[in-house]
Amino acid sequence: MPFQPIRTDEPHHGPPKKVKDLDTVLLGGCSAFVGASIIVYILVVWPHFVFPTTHLLQTLAINCGLGMLPAMIFGGYATRRYGVAAAGGFLGGALSTAIFLNLRLKQVLILEGVEEQPQPEFPASWQYLVPLAWLLVVLVTIGLTLRREEFLDEENPEKTRN
């Protein structure tokens with residue numbers, strides 16, 4: 001029969017170890033990157049559409065708390081679980097949300113001084129400080145949750161060979 005095991009003098013101890021092929025690894029990394037970036041973007045942006053009165057400081061704080069806190073938790077989990085690919089997706093989603101926050105705050109601040117429109121309760125510098133603070137928090141979260149094995153181990157050259 002063609003499917004009988006080959007009779008050799010080598011002992012076999014259980015089934016052979018599964019080896020991931022390159023296509024599976026690349027597809028998993030790309031999926032982690034895209035999935036993390038889209039989920040982070042959606043988590044941060046949705047409160048701004050549900051509570052649109054961003055000119056109020058309290059609403060801005062609620063929007064940031066409702067969006068950024070779950071995004072940080074998810075991004076930290078994804079970075080820890082899926083490694084550098086998810087960390088890149090987390091950072092990519094954070095960059096796109098930083099642009100969204102900048103444009104949203106600019107939209108609120110552009111009407112400053114118009115009597116018929118509600119005036120923002122925060123200074124104009126927050127247009128840049130809120131997105132930059134968000135990016136800084138994301139970078140710290142990535143730094144704290146990324147596994148040590150993901151970094152290049154230069155102290156032990158035997159681990160980096162082959």
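The ellipsoid that matches the Cα gyration tensor of region 31-146 has semi-axes, each √(5λ) in whole angstrom, of 29, 12, 11, with the longest given first.
Summary of the geometry: region 94-136 and region 44-67, compared by the centres of their Cα atoms, lie 11 Å apart.
Extending 7 Å from the Cα toward the beta-carbon at both Ala133 and Ile99 defines two label points whose distance is 2.3 nm.
Read-outs: derived from the displayed coordinates by stated rules, not from any lab. For clarity, every value in this text was computed on a predicted model and none was experimentally measured. Cβ atoms come from the backbone with ideal geometry, glycine included; neighbour counts cover every protein chain shown.
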